[in-house]
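The values are calculated or read from the model by the stated rules, or taken from the named source; none is laboratory data. Predicted model only: the values in this text are computed from it and were never measured. All Cβ positions, glycine included, derive from the backbone under ideal geometry; neighbour counts span all protein chains shown.
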Amino acid sequence: MPGVGAGHPYGVHNLPYGAVSYAGAPRLVVRIGDQALDLAAACARLAPDLAPLVSEPVLNPLLAAPARTWRRLRAAVRSWLTDDSLRPVVEPLLRPIGQTHLPFAVGDYVDFYASEHHASAIGRIFRPNSPPLPENWKHLPIGYHGRSGTVVVSGTPVARPHGQRRVGDAVEVGPSLRLDIEAEVGFVLGAATRLGEPVALADAAEHVFGVCLVNDWSARDLQAWEYVPLGPFLGKSFATSVSPWVVPLDALDSARTPPPARDVPLASYLDDTALPPWGLDIALEIELNGTVVSHPPFPAMYWTAAQMLAHLTVNGASIRPGDLFASGTVSGPEPDQAGSLMELSRAGRSPIELPGGLTRSFLEDGDEVVIRGRVPAAPGRPELALGEVTGVVVASPPRGPERIQT
Ligand SMILES: O=C(O)/C=C/C(=O)CC(=O)CC(=O)O
Ligand SMILES: [Ca+2]
Ligand SMILES: [Mg+2]
């Protein structure tokens with residue numbers, strides 16, 4: 001395509017899916033460079049049998065199809081964009097990228113906890129008198145079911161949540177005073193399974209359609225008080241932001257990399273030693289009010305997406321097209337590689353320094369967070385962009401605070 005060279009991070013090696021609108025209703029598109037190809041219009045002309053899968057403004061009908069259909073559509077789009085003889089047909093279907101929308105109706109949403117660095121750092125903060133990692137951590141990828149209805153697309157303002165927190169010997173109700181972020185990678189699922197049918201590790205690629213970026217906004221004061229013993233609840237369910245582009249899993253083939261060495265023998269349903277690697281060479285970046293404050297490395301994640309999916313379904317739980325699971329906070333071993341402000345500010349003990357003498361431990365109203373992701377260029381591999389997930393914190397309507405003495 002004109003202006004989109006082979007090295008462009010949104011070149012034909014990428015081709016992420018999204019939903020965009022101009023004046024009217026959203027439409028499903030594939031991004032090429034800084035333009036969007038209208039999928040329904042392109043399929044109507046060039047692959048009519050695929051048109052019903054892309055005629056809605058969400059990916060769910062396509063996600064319901066088997067993975068071989070996803071691959072067929074991707075190969076077709078790629079050929080349309082590279083075959084010079086099709087230019088007169090394809091070029092009129094390209095438009096600038098308009099307003100982006102959530103490109104899939106989210107089914108069930110699960111958040112994992114797959115970074116050893118994050119889990120041990122936050123374990124030390126929340127449970128200073130216990131070992132940093134729980135004893136089950138290296139035997140299974142820990143996760144919890146989140147609230148799919150509050151998954152929002154990048155750019156949606158995030159209202160500061162209200163809730164209960166423990167303050168000394170009292171319980172207070174009011175706006176969160178410790179609003180945080182979690183930089184994560186999300187996996188969008190398709191090709192439904194039936195109840196009682198686990199997804200084997202080796203079949204994970206038949207169900208993982210693609211990848212997006214996730215910001216799991218987290219109210220640490222609410223979380224610390226409520227999470228015992230059932231895990232995160234209202235401290236995380238008020239909003240979860242996702243990037244607008246779903247990058248097909250196949251686009252990440254060249255980003256595959258072995259995960260870290262495993263420290264304990266794994267149950268056979270999680271043992272990936274004989275399988276192609278599922279680690280992904282994705283580099284994240286967290287920007288707070290215009291300053292980059294962290295570089296979380298996804299290859300450092302202990303558990304892979306395939307292991308998370310195998311675990312998610314080992315009990316026979318079925319998956320539906322549009323289900324989403326997130327990796328958990330991506331944190332590396334270095335202080336400037338943490339995926340949350342809680343870690344970066346050491347729970348408020350060493351605030352993050354921003355230009356102009358400003359500091360932040362947790363988010364204030366008006367703060368903007370941008371999480372970016374990319375597969376860096378490597379020999380024989382052009383850079384691949386995953387885009388960004390952004391959000392601005394807005395004040396919640398005045399209420400409280402209320403104090404209850406215990
Ligand atoms: O250690 C805990 O009690 C909870 C940690 C989290 O914040 C849970 C979470 O969202 C998982 C993650 O993002 O890694
Ligand atoms: Ca999380
Ligand atoms: Mg959340």
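General remarks:
- Here GLY380, GLY348 are screened, and the one residue that is farther than 27 Å from TYR109 by Cα, in the same structural domain as THR257 (by TED's automatic domain parsing) and at pLDDT below 95 is GLY380.
- Residue satisfying all of: in segment 285-307; surrounded by fewer than 23 Cβ atoms within 10 Å (Cβ to Cβ), of a type in the set (A, V, I, L, M, F, W, C) and touching a Leu at 6+ places or on another chain (Cβ under 8 Å); nearest to VAL375 (Cα to Cα) among these: VAL293
- Candidates are the residues of segment 103-130 that are in a helix (DSSP H, G or I) and either among the hydrophobic types (A, V, I, L, M, F, W, C) or near ligand 1 (Cβ under 8 Å from one of its atoms) (or both); the one that is surrounded by the most Cβ atoms within 10 Å (Cβ to Cβ) is HIS118.
- Residue in segment 209-223 that is surrounded by the fewest Cβ atoms within 10 Å (Cβ to Cβ), counting only those that are touching a strand residue (DSSP E or B) at 6+ places or on another chain (Cβ under 6 Å) and of a type in the set (S, T, N, Q): SER218
- Pairs with Cβ under 8 Å, 6+ apart, first in segment 305-332 and without any contact (Cβ under 8 Å) to a residue 12 or more places away in the chain, second of a type in the set (Ser, Thr, Tyr) and more than 16 Å from ligand 3 (Cβ to nearest atom): none
- Here TRP137 passes the criteria (1) part of a loop (DSSP other than H, G, I, E, B); (2) within 16 Å of ligand 2 (Cβ to nearest atom); (3) more than 30 Å from PRO299 (Cβ to Cβ) except the one numbered (3).
- Looking across segment 323-336 at every residue that is surrounded by 24 or more Cβ atoms within 10 Å (Cβ to Cβ) and small (Gly, Ala, Ser), the one that is farthest from the chain's Cα centre (by Cα) is identified as SER331.
- Selection of segment 355-374 for residues being of a type outside the set (Ser, Thr, Tyr) and assigned to a loop (DSSP other than H, G, I, E, B) yields LEU358, PHE362, LEU363, GLU364, ASP365, GLY366, ASP367.
- Selection status of THR69, surrounded by 14 or more Cβ atoms within 10 Å (Cβ to Cβ) and touching a Pro at 6+ places or on another chain (Cβ under 7 Å): no
- Only a single item in (1) outside the structural domain of LEU284 (by TED's automatic domain parsing); (2) closer than 29 Å to PRO376 by Cα; (3) in contact with a strand residue (DSSP E or B) (Cβ under 7 Å, 6 or more places away or on another chain); (4) at pLDDT 95 or above is not met by TYR113, and it is number (1).
- Look at (1) assigned to a strand (DSSP E or B); (2) within 24 Å of ARG160 (Cα to Cα) and you find that ALA347 fails only one, number (1).
- Boolean, VAL188 is touching a Phe, Trp or Tyr at 6+ places or on another chain (Cβ under 7 Å), within 30 Å of PRO277 (Cα to Cα) and of a type in the set (Val, Ile, Thr): yes
- Being under 21 Å from VAL314 (Cβ atoms), of a type in the set (Asp, Glu) and either crowded, with 20+ Cβ neighbours inside 10 Å or not assigned by TED's automatic domain parsing to the domain that holds ASN60 (or both) holds for only one residue in GLU226, GLU182, GLU206, GLU172, and it is GLU206.
Yes or no, residue by residue, for (1) touching a residue at least 60 places away in the same chain (Cβ under 8 Å); (2) over 17 Å from SER79 (Cα atoms):
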position	(1), (2)
ASN14	yes, no
ARG31	yes, no
LEU37	no, no
ALA42	no, no
PRO57	no, yes
PRO66	yes, yes
THR69	no, no
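- If you check SER243, SER237, SER254 for being within 13 Å of ligand 2 (Cβ to nearest atom) and in contact (Cβ under 8 Å) with a residue 12 or more places away in the chain, only one passes: SER237.
- Strands (runs of 3 or more DSSP E) contained in segment 236-322 and holding at least 1 residues over 14 Å from the mean Cα position of the chain (by Cα): 283-288, 291-294
- Failed condition for TYR144, given (1) part of a strand (DSSP E or B); (2) more than 14 Å from ligand 1 (Cβ to nearest atom); (3) out of contact with any Leu (no Cβ under 6 Å at 6 or more places or on another chain): (2)
- Within segment 186-197, the presence of at least one residue that is among the β-branched types (Val, Ile, Thr), surrounded by fewer than 20 Cβ atoms within 10 Å (Cβ to Cβ) and either more than 16 Å from the chain's Cα centre (by Cα) or within 16 Å of ligand 3 (Cβ to nearest atom) (or both) is confirmed.
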